[in-house]
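I have placed the structure first, in the form of structure tokens, so that the comments after it can refer back to it.
The values are calculated or read from the model by the stated rules, or taken from the named source; none is laboratory data. Worth saying up front: this structure is predicted, and the values here are computed from it rather than measured. Cβ coordinates were reconstructed from backbone atoms using ideal geometry, including for glycine residues, and neighbour counts include every protein chain displayed. Ligands, DNA and RNA are excluded from the accessible area calculation, which covers all protein heavy atoms including side chains. Shrake-Rupley method; radii C 1.70, N 1.55, O 1.52, S 1.80 Å.
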Number of protein chains: 2
Amino acid sequence: GGFQVQLYESREDIRKAKIVRGRSINLALSHRGREALKHIGMEEKIVSKGIPMKARMIHSLSGKRSPIPYGKKDQYILSVDRANLNKELLTGREKYSTTAITCISFQVILCFSYTPGGEEVQVNADFVVGCDGAFSVVRRQFLRQSRFNYSQTYIPHGYMELTMPPLDGQFALAPNFLHIWPRNTFMMIALPNLDKTFTCTLFMPFDEFDKITTGEQVLDLFQTYFPDAVPLIGADALKRDYFRLPAQAMVSVKCSPYHIGDSCVLMGDAAHAMVPFYGQGMNAGFEDCLVFDELMDQLNDDFGAVLPEFSRVRVPDAQAIVDLAMYNYIEMRAHVNSRWFRFRKHLDNFLHFLMPTTMIPLYTMVTFTRTRYHEALKRWHWQNKVGIRCFKFT
Amino acid sequence: GGFQVQLYESREDIRKAKIVRGRSINLALSHRGREALKHIGMEEKIVSKGIPMKARMIHSLSGKRSPIPYGKKDQYILSVDRANLNKELLTGREKYSTTAITCISFQVILCFSYTPGGEEVQVNADFVVGCDGAFSVVRRQFLRQSRFNYSQTYIPHGYMELTMPPLDGQFALAPNFLHIWPRNTFMMIALPNLDKTFTCTLFMPFDEFDKITTGEQVLDLFQTYFPDAVPLIGADALKRDYFRLPAQAMVSVKCSPYHIGDSCVLMGDAAHAMVPFYGQGMNAGFEDCLVFDELMDQLNDDFGAVLPEFSRVRVPDAQAIVDLAMYNYIEMRAHVNSRWFRFRKHLDNFLHFLMPTTMIPLYTMVTFTRTRYHEALKRWHWQNKVGIRCFKFT
């Protein structure tokens, strides 16, 4: 406590801004993110405006829909609106003043340039928290430090968001689900919004995006792979909206350490951007804050002790979830269709049913507990070995 | 042909400079590097000033020395002097003018600043080849491009170079060997120089380097791990030279693609820095030039075609050798001592003896052929499987 905090944001104040293009509209909130929000007394405010999703709803090519629960009956994840979440967090933290700036460079003395006029302004700070996202400018300075490990990996898929409007004033699909159209290398998902629309996200290799240049080709694609979604999004909307924005890239970022001396630390996507196939990006970022806060308490707010410890503890956990998200991407790309999805889930459930305390599904550990990510990954490797053996002998 | 070439170098002209500190003194030249030198008519000039090393000489803790040949009788690698090599290459290419500059930033229009006065000078170029090493400034611009994959990984070991003087006017150790003192996590190697000195390189975890603060501790370390080297380097020299320069870091860099449009390409360490445990760093860089030149011939000097093809062909090969060098590091760190070294080599030779055409040792493929690195790696994976099976059934 007792720190004087100044918040710098390169984007326009989201409370005043028009819709931000090219950034995902809704986010999946689960246990880790909620615990962090609870810690600052904001869980209820956010959760009350989220839409619970209790299961995935798998859409097969024939139009068949099969729900696959995320966990037990009372376990669900939430679809939350990115803009609203940002607004609430900014307003809740109003005691910090916010300045819209573009950080052009960062030394241990901060050096900013304000966007409008372009004049350069130097800002001095004792301590800097770099939460400036996957393309972090603060992190760029880390690259000049000795022995900083860093990797950024782009996947061959891009994504594009499309809106599915309400149907007769109601959700066009069952609202309390994360809808999935798994078609191996092509995939679409849909998350519900408070205004009864769904945000559909189409994942496709960039090569395939590039091939499609006319509205008719868009329609063909959807008729071939996602026929039940065509009347719900609307043929005309599809033909039009597909060309609004180019497909967006997805990047996976790992680095270590997360700190420089006792004066700077990276958190969130700046420290560990991940592909969106585990729904943990925001949750991992929020959990960073919680872990950092726990260390601040344990180590009496001594940055010189907290920062190395934060790197030591958090790097393996963040790298585990970045890897898991990438693993899900690779697995999905290789052989995920609706039949596989159901089989795999039933196998996991069957093993969990046989050995409820030892065989906790990986998804459950990641999504509904605060089991450290790297421990979840380790247990999963172990379970896979044991599980396969059980399966052989039963 | 017919290109107007300008060479920019951030370091002082090596032909006029005093000794450059902190950079390795000698380099291992083998087949790939020689082929590239041959291509520009400089092989003989360089080879004549290199010292052939026909075998490793393994020094056990007890002082026992066991040679392990690199290949067949006529196969050897060369210890070449970095400074001399650079001088010869600069002089051989004298038609290109050289300017000592420090590249501070790079756009598709080059933007340099001259070192002495610090004034900034813009240089226009149609095409830029970035060969500016592991910490490439040209590559930094690639990081701003969309979908550029990049990783830099520092290993926990550092290295330090020490000189072993001549003994009674002769080499203190047998000259035509690469001497190795393998002690698991500690290791020393020594390469011969034309002036009858050896350059010894000590590899140790930074943690261990940090522990040593007095001359007596240096001596203890060497008495414990490298006792036969102590009288040859000299106790006083050891105590003094150890503290001349801090231990240097080693970084592994992978990236892709290597080009931007038809106007820029990365080569050498700028594209693929590797840890020095396979002796291929320079050879891989020289082979880049050869591969590029071959593509220029095939594709009629059309940069628009050559550059994407260079990335397509060269990225998997460079990543394979970067990985192999890292694999050697990890293997060495885990369990390489003199006994292991001899056993492993004998196993490889035994398999090669049984099946001379199919079981070509990996080291031979990498060092004495131009088998594409990624193919050597693939064959090796395959051989390991078959080899283990053969071994089980014999």
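Below is a table of values for the structure above.
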read-out	value
Per-copy distances of the residue A:304 label point, shortest first, in nm (7 angstrom along Cα→Cβ)	6.1
Segment B:162-182 residues near the modelled residue B:340 label - backbone nitrogen below 11 Å, point 7 Å along Cα→Cβ	B:182
Apportionment of accessible area to carbon and sulfur, segment A:154-249, percent (1.4 Å)	54
Span from the segment A:28-71 Cα centroid across to the segment B:276-341 one, whole angstrom	46
Model label zone, residue B:312; criterion: amide N under 16 Å from point 7 Å along Cα-to-beta-carbon; scope segment B:233-259	B:257-259
Rounded accessible area of residue A:254 (nearest 10 Å², 1.4 Å probe)	60
Using a Förster distance of 56 Å, the FRET efficiency for residue B:43-residue B:211 (Cβ separation, nearest 0.05)	0.80
Estimated translational D of segment A:154-249 in µm²/s (Stokes, Kirkwood radius over Cα pairs; 20 °C; 1.002 mPa s)	158
With all protein chains modelled, accessible area of residue B:146 [1.4 Å, Å²]	90
Whole-number accessible area per residue in Å² for segment A:1-78, which is evaluated in the context of all protein chains at 1.4 Å	61
Identity and axial distance of the chain A residue whose Cβ lies nearest the axis relating A to B, Å	A:151, 2
Cα-centre dipole for segment A:154-249 with unit charges at Cβ (Lys and Arg positive, Asp and Glu negative), debye to 20	120
Test item: A:152-163 mean partner chain Cβ contacts at 10 Å	2
Shortest-first distances to equivalent copies, position residue B:135, nm, label 7 Å out along Cβ	2.7
B:288, B:241, A:293, reordered so the largest accessible area comes first (probe 1.4 Å)	A:293, B:241, B:288
Loss of accessible area when A meets B, both sides summed, Å² nearest 100, probe 1.4 Å	1300
Inter-copy spacing of residue B:379 label points, which lie 7 Å from Cα along Cα→Cβ, given in nm from shortest upward	4.7
Reachable aspartates and glutamates from residue B:254, criterion Cα separation under 12 angstrom, eight or more residues apart if same chain	B:269, B:317, B:323
Mean accessible surface per residue for segment A:154-249, computed with a 1.4 Å probe while every protein chain stays in place, in Å²	41
Entries of A:45/A:196; A:45/A:378; B:211/B:239 with Cα pairs more than 24 Å apart	A:45/A:378
